Amino acid sequence: MTTRTNFILVDFENVQPKDIGLLEDGPFKVKLFLGPNQSKIPVSLAAALQSLGDNAEYIVLETAGKNALDFHIAYYIGVLSAAEPAAFFHVISNDKGFDSLLKYLKRKKILAQRSTCISAIPYFKPVLPAAPAAQVDAVVADLIRRKASKPRTQKTLLSSLNALFKKELSELQLDALLATLCKRGFVKTEGTKVSYVLPAEP
């Protein structure tokens, strides 16, 4: 099975990431885009990029201009996606101006996303497994029985789920169970608070 290449395109005029080191052991290729007036970068960043060897590259703009760096990143995504259509493109920037382009790319089946830091890219976020249907059914039945005494915050709901399953579920399993309850529409979250949309009691 071939590992998908993840291109990390850093808008260094906008974000100066301190977590480049996360990319050392993984399927990453980093392109650091610098404006013509950015002649210096921190030693720690240079060392982290150097550890990536050929998988890291500096791209320095020759002339300044409004959104010039953004257009360079867009150009590189176009060129690279033509060469590697299965790759995932991560733009590291606080600039929401990229979002329209990335939304368009997704419609074209090109995987692309903007993140404000490297640690926030999907590669580093574990995907929670779906909770077993039997667990969901047990929780829904328990919540219906509770009537007005249902938990009103995520914290108390997770504590209630932990007690319901006799503390046999891991923290990850509890999070997955809550995520499944939300996905199926039984639980709605607003900040730290929760509300419920449950079947009518038989």
Return yes when THR180 is exposed (fewer than 14 other Cβ atoms within 10 Å of the Cβ) and of a type in the set (Val, Ile, Thr) and no when it is not.
no
Within region 150-174, residues crowded, with 16+ Cβ neighbours inside 10 Å and under 21 Å from the mean Cα position of the chain (by Cα) come out as GLN173, LEU174
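Table: residues versus (1) buried (at least 16 other Cβ atoms within 10 Å of the Cβ); (2) farther than 22 Å from LEU111 by Cα; (3) among the polar types (S, T, N, Q).
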| residue | (1), (2), (3) |
| --- | --- |
| ARG4 | no, no, no |
| ILE8 | yes, no, no |
| LYS31 | yes, no, no |
| ILE41 | no, yes, no |
| GLN50 | no, yes, yes |
| HIS72 | yes, no, no |
| GLY78 | no, no, no |
Inside region 29-54, the number of residues satisfying the requirement of being closer than 24 Å to GLY97 by Cα and either at pLDDT 90 or above or β-branched (Val, Ile, Thr) (or both) is 6
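The values are calculated or read from the model by the stated rules, or taken from the named source; none is laboratory data. On a predicted model such as this, the values are computed, not experimentally measured, just so you know. Note that we place each Cβ from the backbone using ideal geometry, even for glycine, and neighbour counts take in every protein chain shown.
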